[in-house]
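One structure below.
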Amino acid sequence: MDFEAYVELKEPLQENEMREVDLDCGSQGKKKVLLVKQKGVLSALGSKCTHFGAPLATGVLGEGIVRCPWHGACFNISTGDIEDFPGIDSLPCYRVDEVGNNKLRIKASKTDIMAETRIKTMASRNPKIDSTFVILGGGPAGASCAEVLRQEGFQGRIVLVCKEKQLPYDRTMLSKTLDSKIESIQLRTQDFYDNHQIETLLGTEVTEVDFEKKQVKLSTAVTLPYTKLVIATGCT
Ligand code: FES
């Protein structure tokens, strides 16, 4: 951790209180940090929801979580990890220590301290692992499933089958910004999926599922065997 700064509180943080404070990051500028105290333990997190930037200090503090006031995304206060959607990124989380009367020291890496979002550590594909997750549906549920599998350490093959020709995107934006460019509403880039060895089959439909043989037939005439199948086709 190569960044360190101090915050002086005018009043002590109370149990179950959330408070947004300004952190002076020197040449990097100022940064707002969310402080939380629960069960006597202090946490310091990014202050804005990773979905659309709502100020989390105005959200709801639950047992170990803070819930966003706008659309309800939920973050773990000890780790900053996202625990409920919408949104797919976690919050940056900093080390915080009480170092005096109402004085706190915050430590982080220089890159983390200015970041608004954080992607949880993802496992790498291990070709020796002969296990395949096939995910039907390229909506947010399918996309989140693929990511969370890697975040939870799955090292086998992941195949995301998307009927649309686009990578998974935020569909709620379609009714908000009518001239959205697809690149601006995609949840992740192709590079992201490539870097984490998540195969994306775009413009591809599943025409048949054989639960006994554990395989799906695709509109491209390919038969894809699976170890686990996730059906994330929404209402369809
Ligand atoms: S801004 Fe927080 S859930 Fe949308």
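The values are calculated or read from the model by the stated rules, or taken from the named source; none is laboratory data. Because the structure is predicted, anything quoted here is derived from the model rather than measured. Cβ sites come from the backbone with ideal geometry, for glycine too, and all protein chains shown count toward neighbours. Side chains are part of the model used for accessible areas, which takes the heavy atoms of the whole protein and leaves out ligands, DNA and RNA. Shrake-Rupley method; radii C 1.70, N 1.55, O 1.52, S 1.80 Å.
Laid out as a table, the results:
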item: Residue ID - farthest from the ligand (Cβ to nearest atom), chosen from residues in the stretch 60-88 that are within 12 Å of the chain's Cα centre (by Cα) and either of a type in the set (Gly, Ala, Ser) or surrounded by 21 or more Cβ atoms within 10 Å (Cβ to Cβ) (or both); result: GLY80
item: In the stretch 46-59, residue most open to solvent (accessible area, probe 1.4 Å) [restricted to those that are more than 9 Å from the ligand (Cβ to nearest atom) and of a type outside the set (A, V, I, L, M)]; result: THR58
item: Residue among SER43, SER27 that alone is open to solvent by 50 Å² or more (accessible area, probe 1.4 Å) and either within 16 Å of the ligand (Cβ to nearest atom) or not in a loop (DSSP other than H, G, I, E, B) (or both); result: SER27
item: The stretch 122-147, residues that are hydrophobic (A, V, I, L, M, F, W, C) and at pLDDT 95 or above; result: MET122, ALA123, ILE129, PHE133, VAL134, ILE135, LEU136, ALA143, CYS145, ALA146
item: Single match in LEU149, LEU160 (criterion: open to solvent by less than 40 Å² (accessible area, probe 1.4 Å) and either assigned to a strand (DSSP E or B) or of a type in the set (S, T, N, Q) (or both)); result: LEU160
